[in-house]
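Undergrad: Structure below; questions to follow.
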Amino acid sequence: MAAPAQPKAVADLIAESLSAEKPDTVRSLFNAEGAREPEIHWSPRDPELRNPLLRQFAEVCHRYEKNGKIAADAIRLEDFGGLTEWLMLLEPVEEGADFQYLSYGSSIAESYGTDMTGRRTSEFGGHISMFFLGLYRAVLKRDEAVYSEHEPPARVFVRAWHRLIIPLHDDAGAVVRLIVLNVPDNELRAGLELIVDPVFVLRADKTVAYANRAAQHLFKLSANNHYDSSFETVTGMTIDTPLTPDQMLSQHKVEDSVQLTIREAIVERLVMTVSAAQHRGDAFYVVVMRLIGT
């Protein structure tokens, strides 16, 4: 892709491409990172919204509409109930050159590994910043809702993000904010959240790609203090297997060990089971912990 070196200049090209519904620039941007082209639908209808949470979000937003527009000052986050954990509220800054997150849902922060509240879209860096900036600018230009589905960078333990972006207006009818529902599509992650035992997913270098809520609770983790950290740093425990996750996966290996952990000044024993699973073409360690007493 022949494009200016400055990220915001690339974002301008993407905004122009998306506004005109010509995907070549965006396709090249993602293909260069080994990712498939995002899917974009302007003014999406219900069948194009592939997640029931997106359809529920669209219905709540529709209730705010007057003469086809939604007033920014009419939005009350409490009206969205449990959807708020996947909801983002953005405001254009620098005349639309960038966007600031006024609200960034807690579950998005857990999935991404960082709470972006008060921060800017440009801070994501790389091709993702360019895509987000371009897409948000295209929404400002077209003044139209859009559905997108894209692959995140490999470090984010999500197969794909599905989002619905809806423009919000001031009294003069200008777009002054964007409200977005952003939900992950990841069958492996969804299943791990249902497990009551603590579960970690680790990369080959044994850094944390994901920790389910039981693991976050046991080790007092937040979105900002464990993603990309080593498993030993986060838990105080080590994984001694000599096998890589690729080897464990190919050999169908499962290894158990007894470990000690301290919780509320009490030393507890747990059985740690290490296996492997595939996600987006890569193998990861899957570590499941079961407390067995003091």
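Any read-out appearing in this document is the output of simple, stated calculations on the displayed coordinates, not a laboratory observation. This one's a predicted model, so the numbers in the text were calculated from it and none came from an experiment. No Cβ is skipped: glycine too gets one built from the backbone with ideal geometry, and neighbour counts run over all protein chains shown.
Undergrad: Out of every Cα-Cα pair in the stretch 57-139, what percent are more than 16 Å apart?
TA: Roughly 59 percent, once rounded to a whole number.
Undergrad: May I ask you to derive the FRET efficiency for Ala32 and Lys69 from their Cβ-Cβ distance with R0 = 45 Å, giving the value to the nearest 0.05?
TA: 0.75
Undergrad: Tell me, what does the Kirkwood hydrodynamic radius of the stretch 111-255 come to in angstroms if you use every pair of distinct C-alpha atoms?
TA: 17.7
Undergrad: Calculate the spin-label point distance for Asp46 paired with Asp256, positioning each point 7 Å from the Cα along the beta-carbon direction, and give it in nanometres.
TA: The modelled label-to-label distance comes out at 4.9 nm.
Undergrad: Quote the relative contact order of the chain in percent (integer), defining contacts as alpha-carbon pairs under 8 Å separated by 6+ residues.
TA: Once divided by the residue count of the chain, the mean separation gives 15 percent.
Undergrad: If you take the Cα Rg of the stretch 189-293 and divide it by 2.2 N^0.38 Å, with N the number of residues, what do you get?
TA: Dividing the Cα Rg of the stretch 189-293 by 2.2 N^0.38 Å gives 1.01.
Undergrad: Moving on. Could you bin all the Cα-Cα distances of the chain into 10 Å bins starting at 0 and give me the percent of pairs in each, rounded to whole numbers?
TA: P(r) over the chain, rounded to whole percents: 6, 26, 30, 21, 12, 5, 0.
Undergrad: Hey, another quick one. Could you list, bin by bin from short to long, the percent of Cα-Cα pairs of the stretch 1-112 in 10 Å steps?
TA: The percentages, shortest bin first, are 11, 30, 41, 17, 1.
Undergrad: Just to confirm the filter: which trypsin sites (Lys or Arg not before Pro) across the stretch 21-89 are DSSP coil and have at most 10 other Cβ within 10 angstrom of their Cβ?
TA: Sparse-neighbourhood loop trypsin sites (Lys or Arg not before Pro): Arg45, Arg76.
Undergrad: With angles folded into 0 to 90 degrees, how steeply does helix 52-64 sit against the dominant principal axis of the chain? Use alpha carbons for both and round to 10.
TA: Once rounded, the angle reads 40 degrees.
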